[in-house]
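The values are calculated or read from the model by the stated rules, or taken from the named source; none is laboratory data. It should be emphasised that the depicted structure is a prediction, and the values quoted were computed from it without experimental measurement. Note that each Cβ is placed from the backbone with ideal geometry, even for glycine, and that neighbours are counted across all protein chains shown. To get the accessible areas, we keep the full protein, side chains included, count just its heavy atoms, and leave off ligands, DNA and RNA. Shrake-Rupley method; radii C 1.70, N 1.55, O 1.52, S 1.80 Å.
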There are 2 protein chains.
Amino acid sequence: MPTNYLLKSPMLNDTIIALATPQGVGAIAVIRLSGEEAIAVTDRFFQKADKNKTPLALQKTHTVHFGSIVATDGEIIDEVLVTLFVAPHSFTKENVVEISCHGSPFIVERIVRLFLEAGVRLAKPGEFTQRAFLNGRFDLAQAEAVADLIAADTDSARRSALHQMRGGFSKEIKKLREELINFASLIELELDFGEEDVEFADRDRLVHLVEQIMSFLERLMQSFSLGNVLKNGVPTVIAGKPNAGKSTLLNALLNEEKAIVSEIPGTTRDFIEDTLTIEGINFRFIDTAGLRQTDDRIEALGIARTREKMAQAALIIYLFDIAETSISEVEAAAKELQQMGKNYLLVGNKVDKVTSDLLHHPDIIRISAAQNIGLDELKAALLKAANARPVAVGETVVTNLRHYEALSKAHRALADVLTGLQSHVTADFVAIDIRHALRALGEITGEITTEDLLGNIFSKFCIGK
Amino acid sequence: MPTNYLLKSPMLNDTIIALATPQGVGAIAVIRLSGEEAIAVTDRFFQKADKNKTPLALQKTHTVHFGSIVATDGEIIDEVLVTLFVAPHSFTKENVVEISCHGSPFIVERIVRLFLEAGVRLAKPGEFTQRAFLNGRFDLAQAEAVADLIAADTDSARRSALHQMRGGFSKEIKKLREELINFASLIELELDFGEEDVEFADRDRLVHLVEQIMSFLERLMQSFSLGNVLKNGVPTVIAGKPNAGKSTLLNALLNEEKAIVSEIPGTTRDFIEDTLTIEGINFRFIDTAGLRQTDDRIEALGIARTREKMAQAALIIYLFDIAETSISEVEAAAKELQQMGKNYLLVGNKVDKVTSDLLHHPDIIRISAAQNIGLDELKAALLKAANARPVAVGETVVTNLRHYEALSKAHRALADVLTGLQSHVTADFVAIDIRHALRALGEITGEITTEDLLGNIFSKFCIGK
């Protein structure tokens, strides 16, 4: 039988604490504790405001209590709300306490310190989520999606992370594994019969199944190019001669979007700076500020610094003044971009200033950045050129390099299974390759895991998650 | 009778929403709603995870519910915890809902938007606290302390803000007002008797009371110099010749402190940068980085730029190499600092390199920044020079300029009362001055207030508080 063993770290029973909300000053901050002693230790520092002096340890789960955090010397540190989640009814399945205090980093530090002095340990990055995983709240792919969800800055990224966190991706992987496990069992049974020439597993059906699974894996692997774009955006450069209107174009594209989000002060301004989001895909303009400042000194594609920027880009918008550029000049630029192996768009600007229909080349997108003409067409072309599209609700998209690599590993192992079956190798060889595939798939959901792997995954989380 | 009238803005019944936690990425973010419809409107977007489908509107106060926020088109936006505070058992005394979602600014925006589209209004700065004040949760001085508490970055500032928020300061003001009101009543009663020459209010006792109150007001007003230092810190400059050891001293002072706080990653690092906290008082080193960079170009007190920096300082540390500086040089610097009207300390550095006991001047603090000699003495001298000390638990310290001004106004009005009584003016004049004093005191706690005043106070709060 295939061994479906768990290499998990020993269950940690100590109680951990961390700030769960972003750092900085705000109306409130939330400090989170998890572990067997979480509620008992909070009782030592919490004084309920009303007459009901029942200790927190005797209160119900999912209740909120108003009172004060009182230091060991009796001084009140802050007035707080304490929320209880009694095991197993919590994120980590352990006792969890959330302390909502005034949003001063200083007060947060005072409170955290108080608990540290009482023997509570500062949580490591991702440790709350790691505990949730180890305690069976969800599998590894779901746990990883928590970090993706927090980092999500477009609707497509949020949608795909949420789908994964809610188990959508895991379900598909588990289904594949189960089918493989069935066949693996039969094959391994044949091994028990040793020299006897029996075949419990129908080879034709096995070939068919493996082919099916491989084509499914291929689809998932293909989705990674979209997933990668979702997660990391499309590095884009606007190149062109001075006065082609590069900054006007960038501002026209960005301002429209900013106007929408600026209704809600402070929530999104920072991260859209120089990132244009089209249907949930982030087009990140590489150092365009720098390019803008040196507009007067650089020649279109001619200078090392611009070339360097372009080398980092996945997509280049070659912008030119449609009234002052000859078709041969545009074609020369296009040729150069092709030689660089770059994905590019040829965009003729200032179309409003041209009366004749010169340069009606099919590859040229005609816009006027100043007059807002053709921008929708340009956006559609950007999406198409980046090979990107919005993610549908409930669609599985592989966004995680680790998952992509595990899928590739499983795919290679299954290719070996197929080769083996076709060349009629003995059952034991087939069994080994199937086990490799199973192991690779199990790594995604964490059925197969190691301390190193977990450490690697969760150390990338922020503290407090 | 003295009119104790309330000039309050009309009660606002609409429902408001804002992010309550600091902006940025974190494990969780908390969005807060307040208003009559807060719970009902959340019910429209919240889908409880378990089988208990009882609407939030029928759930108990101070309970937490796990589920999803679902957009109008049925798409799940995020998995969240919803906490209910049913009126009047909330901070604002209105229905309050806290939505704890994943800490992504993008998700926060999506959720806030959903509620805005449903007719909920984005909260103005301080509007939650303003509602708490208008609904009688606490008085104005207490409401103002909420902002101070959030901004507190030392234990003394936190302690004094918490004392004020919990009503300590207000209680003292109210006691003064009541005593004055008693006398005012008697005086105004005399007015009712018009021409008859009656005196219900014992003039000697009134003089005594007014003197008592004035001396109490003086004590509060004096505490403002400490309060101001608590709230704003002590702008400090380290001046001196190149190689006096300015950056070594600053690092020696700062590093010690940083070592303590760095146990708790990320909670306080930002705001202690170049701020030295001694017993809860912040000494803020003005642009010392700049001074450090130009060390090689500036002469001790000789350059305009340094003088400019020193003009902003409340305290100047004049640092010199004790082995290489003559007493006349130090005295010249001291004289110059005196002429500038500056509070200063003369600090001789590198005392470890001197064998003879030169420069044993009583005004010179002898240290070695490199060897950590004399730093405690220097810190004590800094505290003393800044006229600062830690605030005791339960001590009232006036930290708010508005309060200081109201206290001064009350003090001036009482001085007029005293003058009037001593020159035997008629009761109506005395009554007018007492009313002025009462009004000034009432402005502190918000018993007397105007829309302008409230607007001015709460607009300085952050959104979400």
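Answer rounded, prolate or oblate for chain A, using the Cα gyration tensor with square roots of eigenvalues a ≥ b ≥ c: rounded when a/c is under 1.5, else prolate when a/b is larger than b/c, else oblate. Please list the in-between numbers first.
Working: a/c = 3.06, a/b = 1.19, b/c = 2.58.
Taking the square roots of the gyration eigenvalues as a ≥ b ≥ c, chain A is oblate.
Cβ-Cβ distance of A:H361 and A:A415, R₀ of 25 Å, FRET efficiency by 1/(1 + (r/R0)^6): the value works out to about 0.05.
Using a simple charge model, +1 on the beta-carbon of Lys and Arg, -1 on the beta-carbon of Asp and Glu, nothing else, what dipole does chain B show about its Cα centre, in debye to the nearest 20? Could you put the intermediate results ahead of the total?
Details: 50 positive and 64 negative charges, 261 e Å.
Here chain B has a charge dipole of around 1260 debye.
Projected over all directions and averaged, the alpha-carbon convex hull of the range B:44-166 occupies 9.0 nm². One decimal place: the segment B:K460-B:N182 gains 96.5 nm when fully extended, by the rule 0.36 nm per residue minus the C-alpha distance.
Just name one of A:Y404, A:P88, A:A40: the one whose Cα is farthest towards the positive end of the charge dipole of chain A (beta-carbon charges, Lys/Arg +1, Asp/Glu -1). Sorting the options by dipole projection puts first A:A40. Taking label points 7 Å from Cα along the Cα-to-Cβ direction, B:D452 and A:K60 give a separation of 5.1 nm.
Placing a label point 7 Å from the Cα of A:A49 along the Cα-to-Cβ direction, the distances to the matching points in the other copies come to 2.8 nm, shortest first. A straight chain from B:N52 to B:E172 at 0.36 nm per residue would run longer than the Cα-Cα distance by 38.2 nm.
Can you give the FRET efficiency to the nearest 0.05 for B:R44 and B:N13, using r as the Cβ-Cβ distance and R₀ = 25 Å? Can you show the working numbers first?
Working: r = 18 Å, r/R0 = 0.73.
Step by step, r from the Cβ atoms, then E = 0.85.
Inter-chain neighbour count for A:26-35: the average number of beta-carbon atoms from partner chains within 10 Å of each residue's beta-carbon is 6.
Provide Rg over Rh for the protein assembly as shown; use the alpha carbon set for both Rg and the Kirkwood Rh (inverse mean inverse pair distance). Walk me through the intermediate numbers first.
Values: Rg = 35.1 Å, Rh = 33.2 Å.
Using only Cα positions, Rg/Rh for the protein assembly as shown is 1.06.
Ascending distances from the B:G74 label point to its copies in the other chains, with the point 7 Å along the Cα-to-beta-carbon line: 6.3 nm.
Accessible surface for B:R366 stands near 60 Å², nearest 10, in the context of the full protein assembly shown (1.4 Å probe).
What is chain A's relative contact order, in percent, from Cα pairs under 8 angstrom and six or more apart in sequence?
On the way: 757 pairs, mean separation 92.5, N = 465.
Relative contact order comes out at 20 percent.
Note on B:S247 and B:A311: the model spin-label points, each 7 Å out from Cα along the C-beta direction, lie 2.7 nm apart. For the residues of A:106-118, the average number of beta carbons from a partner chain within 10 Å of their own beta carbon is 4. Mean per-residue shielding of peptide B:143-152 is 4, counting Cβ atoms of other chains within 10 Å of each Cβ.
Of the beta bridges DSSP finds with both residues in the protein assembly as shown, what % are antiparallel, to the nearest 5? List each step's numbers first, then the result.
Working: 65 of 104 bridges.
The answer is about 60 percent antiparallel.
With a Förster radius of 30 Å, plug the Cβ-Cβ distance of A:E211 and A:V425 into 1/(1 + (r/R0)^6) and report the FRET value to the nearest 0.05. For A:E211 and A:V425, the calculated efficiency is 0.95.
Too long at a 24 Å Cα-Cα cut-off: which of A:K171/A:K384; B:K241/B:K335; B:K231/B:K465; B:K48/B:K124; A:K51/B:K93? Please list the in-between numbers first.
Values: A:K171/A:K384 30 Å; B:K241/B:K335 16 Å; B:K231/B:K465 19 Å; B:K48/B:K124 30 Å; A:K51/B:K93 19 Å.
In this structure, A:K171/A:K384; B:K48/B:K124 exceed 24 Å between Cα atoms.
Projected label points at B:D192 and A:E395, each 7 Å from Cα along the beta carbon direction, are separated by 8.2 nanometres. Ranking of A:T277, B:T42 by solvent-accessible surface, largest first: A:T277, B:T42 (1.4 Å probe, protein heavy atoms only, all chains present). Positive contributions from Lys and Arg (+1) and negative ones from Asp and Glu (-1), summed over other residues with Cβ under 15 Å from the Cβ of B:R412, come out at -3. The listed residues B:K460, A:K465 rank as B:K460, A:K465 when sorted by accessible area, largest first, using a 1.4 Å probe. The same position A:P362 in the other copies lies at 9.9 nm from this copy, comparing label points 7 Å beyond Cα toward the beta-carbon, shortest first. The sum of -39500 (n - 2.57) across all DSSP H runs of n ≥ 4, divided by the residue count of the protein assembly as shown, sets its helix-only mean residue ellipticity at 222 nm to -15000 deg cm²/dmol.
Over all other residues within a Cβ to Cβ distance under 13 Å of B:R177, the charged ones net out to -1, with Lys and Arg as +1 and Asp and Glu as -1.
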